[in-house]
1. With aromatic (Phe, Trp, Tyr), assigned by TED's automatic domain parsing to the domain that holds Gly95 and surrounded by fewer than 23 Cβ atoms within 10 Å (Cβ to Cβ) as the only criterion, which of Tyr192, Tyr182 stands out?
2. Pull out all pairs, ordered by first then second residue, where Cβ-Cβ is under 6 Å, the residues are six or more apart or on different chains, the first lies in the range 46-73 and is without any contact (Cβ under 8 Å) to a residue 60 or more places away in the chain, and the second is among the β-branched types (Val, Ile, Thr) and assigned to a helix (DSSP H, G or I).
3. Being closer than 18 Å to Gly181 by Cβ, of a type in the set (Gly, Ala, Ser) and in a helix (DSSP H, G or I) is the filter; apply it to the range 53-100 and report the residue that is nearest to the chain's Cα centre (by Cα).
4. Consider only pairs whose beta carbons are under 7 Å apart and that are at least six residues apart or on different chains; among these, list those whose first residue lies in the range 143-165 and is away from the ligand (no atom under 11 Å from the Cβ) and whose second residue is charged (D, E, K, R).
5. Consider Trp123 against the criteria (1) touching an Asp or Glu at 6+ places or on another chain (Cβ under 8 Å); (2) of a type in the set (Phe, Trp, Tyr); (3) farther than 24 Å from Tyr230 by Cα: it satisfies all of them except one. Which criterion is unmet?
6. For the range 56-110, which residues satisfy the criterion of being among the basic types (Lys, Arg) and either crowded, with 21+ Cβ neighbours inside 10 Å or under 14 Å from Gly251 (Cα atoms) (or both)?
7. Residue under question is His36, and the condition is that it be over 23 Å from Ile170 (Cβ atoms), surrounded by 15 or more Cβ atoms within 10 Å (Cβ to Cβ), away from the ligand (no atom under 16 Å from the Cβ) and touching a residue at least 24 places away in the same chain (Cβ under 8 Å); does it hold?
8. For Ser219, all conditions in the list (1) surrounded by 15 or more Cβ atoms within 10 Å (Cβ to Cβ); (2) within 12 Å of the ligand (Cβ to nearest atom); (3) hydroxyl-bearing (Ser, Thr, Tyr) hold save one; what is the number of the exception?
Amino acid sequence: MRNDRSGVVTRAVNRVKHWSVRARDRVRSLPVRASHRGQGPPLPPSRLMHLVAASEDVSWFLDGGKQASSSLRAILAKNGVTMESLGSILDFGCGAGRVLRHWENLQGPTLHGTDYNPTLIAWCQKNLPFVQFQHNELGGGLAYQDESFDLIYALSVFTHLDEPLQYFWIRELSRILRPGGYLFITTHGEHYLPQLASEEQERFRRGEIVVVGSRREGSNDCATFHPESYMRSTLATGLEVVDFVPEGALGNPRQDVFLLRKPQG
Ligand SMILES: C[S@@+](CC[C@H](N)C(=O)[O-])C[C@H]1O[C@@H](n2cnc3c(N)ncnc32)[C@H](O)[C@@H]1O
């Protein structure tokens, strides 16, 4: 009984904390929203920003998206690939187009985005006309043909999937990649170890994937942690690991980056 009461109190306190953070973010974002008007695509409403970035801070939405696009470009360039040389790019789990908006002036590739949240896709379709969007199911196939894309990136998406969904999506994304095409994935690695309970840390150190909150997969309430060895030996086995950059996802700090490639032939 006492535990029930304290649980209710804790939940109430957390709700109040959450509201105050949202209120603070909203107030801080007002001048940035005003100064942004007329520059680039419109900004999503606060509740959509919160859904994808766990914050309504407009500056972070813009700067973080910019940093994500720059680090994606830089890691590809380090591996001999320029964005402009690609035929087609897919942002898997594109959210509110936080990263896609920064490709508006990219010359060359066709741009595509997909997400399982229909509200986010509806907003993107209306506001980012230079991208072709589709909605997908949490664990359903994509409507794209086999071997459609030269690059697929999934920023902070595998970080919210339970293990069966990880396997499903790595296979599905591999299916729609062209031979020689790249899959750029960000994950929670070593940096996040302190967030885990000691038993979970031990599992991570043994090279096991750790999923917290697996009943809410797809949402930010489900957090998944990937040891480097798990990615190399288990999840990404059908793909070449071209690069691994610990804490390299600058717009999704401080997630690790895996740059994978579908083998030729
Ligand atoms: C933390 S947000 C990141 C959004 C975006 N990639 C970014 O960096 O701004 C995670 C996104 O993944 C999407 N997502 C989660 N599971 C998905 C799935 N199975 N298929 C498509 N999108 C998914 C969520 O709807 C959400 O938009």
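The values are calculated or read from the model by the stated rules, or taken from the named source; none is laboratory data. Just so it is clear, the structure is predicted and the values come from calculations on it, not from any experiment. Reconstructed Cβ throughout: ideal geometry from the backbone, glycine too, with neighbour counts over all protein chains shown.
1. Just a single option satisfies the conditions, and that option is Tyr192.
2. Val58/Val32; Ser59/Val32
3. Checked the range 53-100; the qualifying residue nearest to the chain's Cα centre (by Cα) is Ala77.
4. Correct list of pairs: Asp146/Arg175; Glu147/Arg178; Phe149/Arg178; Asp150/Arg178.
5. Status for Trp123: all satisfied but (1).
6. Lys66, Arg73, Arg98, Arg101
7. yes
8. (1) is the only condition that Ser219 fails.
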